[in-house]
1. Can you name every residue in the stretch 38-55 that is modelled with pLDDT of 95 or more and within 19 Å of Ala69 (Cβ to Cβ)?
2. Within the stretch 4-26, can you find the residues that are closer than 26 Å to Thr72 by Cβ and among the β-branched types (Val, Ile, Thr)?
3. Residues of the stretch 31-73 being without any contact (Cβ under 8 Å) to a residue 60 or more places away in the chain, of a type in the set (Val, Ile, Thr) and part of a helix (DSSP H, G or I), which ones?
4. Only one of these is surrounded by 15 or more Cβ atoms within 10 Å (Cβ to Cβ) and either of a type outside the set (Phe, Trp, Tyr) or within 12 Å of the chain's Cα centre (by Cα) (or both): Ser51, Ser56. Name it.
5. Would you point out the residue of the stretch 1-27, among those that are touching a residue at least 60 places away in the same chain (Cβ under 8 Å) and assigned to a strand (DSSP E or B), that is farthest from Val64 (Cα to Cα)?
Amino acid sequence: MTVEVKIIGEKINEINVLDNQETPTMITTVEETLIPQIIKGQTIEAVDTVSGATNSSNAVLDAVGQSLAEATK
């Protein structure tokens, strides 16, 4: 999965899923539920995965985590 994480002033401002192999309904649910939690909490640590979309949730969390790690290098 490929995501774009926009950081403004050291804060996560926007997360977009660019490329994925997930079921469209699952990724839509994750985009509507999980991504707002990440942005609101400014972390991937205290975020609950979406019930019924655990694999998609974990893929987004992993991709966002990798993006954040790259941004802080």
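1. From the stretch 38-55, those modelled with pLDDT of 95 or more are 38-44; that's our starting set.
The answer is Ile38, Ile39, Gly41, Gln42, Thr43, Ile44.
2. To start, the set of residues in the stretch 4-26 that are closer than 26 Å to Thr72 by Cβ comprises 4-20.
Scanning the stretch 4-26 gives Val5, Ile7, Ile8, Ile12, Ile15, Val17.
3. We begin by selecting, within the stretch 31-73, every residue without any contact (Cβ under 8 Å) to a residue 60 or more places away in the chain; these are 31-61, 65-66, 69-70, 72-73.
Restricting the remaining residues to those that are of a type in the set (Val, Ile, Thr) gives 33, 35, 38-39, 43-44, 47, 49-50, 54, 60, 72.
Once the filter is applied, which keeps residues that are without any contact (Cβ under 8 Å) to a residue 60 or more places away in the chain, of a type in the set (Val, Ile, Thr) and part of a helix (DSSP H, G or I), the stretch 31-73 yields Thr33, Ile35, Ile38, Ile39, Thr54, Val60.
4. Selected residue: Ser56, the only one of Ser51, Ser56 that is surrounded by 15 or more Cβ atoms within 10 Å (Cβ to Cβ) and either of a type outside the set (Phe, Trp, Tyr) or within 12 Å of the chain's Cα centre (by Cα) (or both).
5. Here the residue is Ile7.
The values are calculated or read from the model by the stated rules, or taken from the named source; none is laboratory data. Model, not experiment: these values are computed from the prediction. Virtual Cβ from ideal backbone geometry, glycine too; neighbours counted across all protein chains shown.
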